[in-house]
Each structure stands twice: as structure tokens, then as C-alpha cells.
Amino acid sequence: MQPQLDAVAEDVNELCKINATLDPQTGTSTQRRRRFRRLGARLSASPEPIHQHMGKTMAAFAPGLFAGGDDADLPTDNLALERAFRLPKGHERRIHGRAHAGVRIVYRGPSLLLVLDAHTRHPAPFSTDDLVPWSGAQPPASQRECQRRRRIMRKARSAKKRPLLLADLERRYRCAILAP
């Protein structure tokens, strides 16, 4: 029984080391990423199967784990990013009563997330004076481009609108070729 407890204590120690690399208080994201990768490589090379599994899991998580960098306004890691997206999806589910939030978050996400999350930063009801500065706000270019692509794809899926879409695309192609 004691050897098993010692093995578990060693695994807990490794998990604490991994967790320390995720804490923004322990250094910059570059330093923490470097320690995370070294720790993952050491665990992958270990003869213990559980350490190898930890190393493999760490390698899978590494690309997005430190994506936020050191900017205080950005999520510190992909876990914080998932927490940020969880609130709007829950709100979306409460709106229509379905388990899936739908694609609305994808193609309206950049501006929709701010709206759905507004109650966390502004606990009181919004007044007209609070909203006037935003009356002329436009969605970001990435969101407008996403909506444009969505309109094209909806036409492409429609049997009635597809010929019109193809004709329009051909016309645009010809104009692009003939233009100097």
C-alpha cells in the first residue's frame, strides 16, 4: 500500500509543477511556456506510463495554452478563453431553450460577446446616457466579412438562388479580368 501512495504523491508533485507553469504570477508567458515545454518533454521521456500520458496531454494543450500572452486585457490561457465563452453560450441557451447555442456566436461573436457579457461590468440597468456613445458603432471588419461569407454560402445552398449566385460570381470574375 505504501509504494502506491508514494507513487501517487510523486504524481501530485508533478501536477503541482504543471499547475505552477499556468499561474501568471510565476513569470511571463514566455518563461512559463518554456518551463511547461521542458516539463512536458521530461514527462514524455519518463518510463512511467502515467508520466508519458501527462507529457502527451501537455503537448496537445501547448499550442493554445499561453495564447493570451502577458496583456492584462486578454485571457491568460485557453482555459480563461473557454470561461469567457461559457457565459454567452449559457445565455443563448436560456434565450431559446436548446442545449446548443448555435452559430450566432460564431458570426456575430465579436460584438455579441460584449453585449451578452455587459451585465458583469455594468451591474445597474443601462440608461440612455450610457448607450449614446455607442449609437454609431459598427461591427469589426472581421465580423462583417464573416457575415458576407455566410450570405454567399446560404445562397450556394439554396437550389433557387444558386444559379443567380453563379452568374454573379462569373460576372465579377470577368470584370476582374478585364479591369486594367
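Readers should treat all values here as calculations from the given coordinates under stated rules, not as data from a laboratory. Note that this is a predicted model, so its numbers are computed, not measured. No Cβ is skipped: glycine too gets one built from the backbone with ideal geometry, and neighbour counts run over all protein chains shown.
Before moving on, here are some points about what is shown:
- Qualifying chymotrypsin sites (Phe, Trp or Tyr not before Pro) in the stretch 126-180, DSSP loop, other Cβ atoms within 10 Å at most 13: 126
- Modelled this way, with points 7 Å down the Cα-to-C-beta line, the labels at residue 149 and residue 167 are 2.7 nm from one another.
- Net lengthening on full extension, residue 28/residue 8 (0.36 nm per residue, minus Cα-Cα): 4.2 nm
- Sorting 1-9, 54-62, 154-162 by average packing, meaning the other beta carbons within 10 Å per residue, from highest down gives 54-62, 154-162, 1-9.
- If R0 is taken as 41 Å, the Cβ-Cβ distance between residue 37 and residue 177 corresponds to a FRET efficiency of 0.25.
- Cα gyration tensor shape of the stretch 2-65, rounded if a/c is under 1.5, else prolate or oblate by comparing a/b with b/c: oblate
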